[in-house]
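Please read the structure below before turning to the comments.
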Amino acid sequence: MTFEIRAIAPDVLDQIRKTDDAGRRPRRIVEEEGGSPLRCCLRRSRPGEAVLLAAYAPLRRWAVETGADPGAYEEVGPVFVHEEPCEGPQSKTGPGYPAAMGGPRRVFRTYRADGSILNGHLVDGHQSADPVAASILLDTLLEDPETAVVHVRAVEFGCFLFEVRRGVLENPTTSDAPVR
């Protein structure tokens with residue numbers, strides 16, 4: 001199985017940097033200590049970086065693209081993104097689950113093509129912090145033909161971290177998105 005890890009798309013980032021998915025201006029924060037998970041580039045913020053805290057509706061955005069109707073499963077939640085456009089995800093260790101997005105506990109939520117939730121899988125900190133173990137679990141979840149998309153979220157805050165879709169490994173040397 002192959003999959004694609006998706007950060008928030010650049011065109012969507014341009015929109016939520018002005019007005020977020022709750023209809024508000026995002027909150028500007030200069031990171032004192034760093035460590036906030038950035039959904040634009042899938043790494044942690046650094047001390048002194050200017051970031052925005054914005055509301056984001058990942059299932060709504062996916063539904064617009066696919067024609068799904070998530071209904072009550074549509075959620076709006078907080079995400080951190082760079083204040084200015086960045087280079088996006090830069091995988092330094094190869095494709096697959098981004099190690100920087102691991103954490104104490106994660107939930108991998110699977111959704112059907114119609115937008116309804118299929119399942120939620122609680123992932124402990126050990127498995128979430130291990131890109132190989134997390135990638136194996138994602139492969140397993142995507143083997144289910146009912147799974148159309150997986151959202152990875154932080155358990156403690158409920159924040160969306162990134163989206164996972166089935167992918168096709170065409171030419172790994174020219175692909176813009178990490179594919180496993």
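The values are calculated or read from the model by the stated rules, or taken from the named source; none is laboratory data. Note that the structure is predicted; figures quoted are calculated from it, not measured. Positions of Cβ are backbone-derived with ideal geometry, glycine not excepted, and every protein chain shown enters the neighbour counts. For accessibility, only protein heavy atoms count, side chains too; no ligands or nucleic acids. Shrake-Rupley method; radii C 1.70, N 1.55, O 1.52, S 1.80 Å.
A few notes on this one:
- With all protein chains in place and a 1.4 Å probe, the accessible surface of the chain carries 51 percent carbon and sulfur.
- Cα-only radius of gyration and Dmax that characterise the stretch 8-55, units Å: 10.7, 29
- With Cα atoms defining each centre, the stretch 13-57 and the stretch 119-138 are spaced 25 Å apart in the structure.
- Solvent-accessible surface ranking, highest first, for Val149, Val64, Val107 at 1.4 angstrom: Val64, Val107, Val149
- Given charges at Cβ of Lys, Arg, Asp, Glu: the chain dipole, positive-most of Thr147, Pro47, His126: Pro47
- Once the C-beta distance of His126 and Phe157 is scaled by a Förster radius of 25 Å, the resulting FRET efficiency is 0.80 to the nearest 0.05.
- Three principal axis lengths of the stretch 9-131 [C-alpha, angstrom, descending]: 41, 36, 22
- For the stretch 28-68: accessible area per residue (Å², 1.4 Å): 45 Å²
- Under conditions of 10 °C and 1.306 mPa s, the stretch 122-161 yields 144 µm² s⁻¹ as its translational diffusion coefficient, taking Rh as the Kirkwood radius over Cα pairs in the Stokes-Einstein equation.
- Ordered from highest to lowest accessible area with the whole protein assembly present and a 1.4 Å probe, Phe157, Phe162 read as Phe157, Phe162.
- Subtracting the Cα-Cα distance of Ala9 and Ala22 from 0.36 nm times their residue separation leaves 2.9 nm of extension gain.
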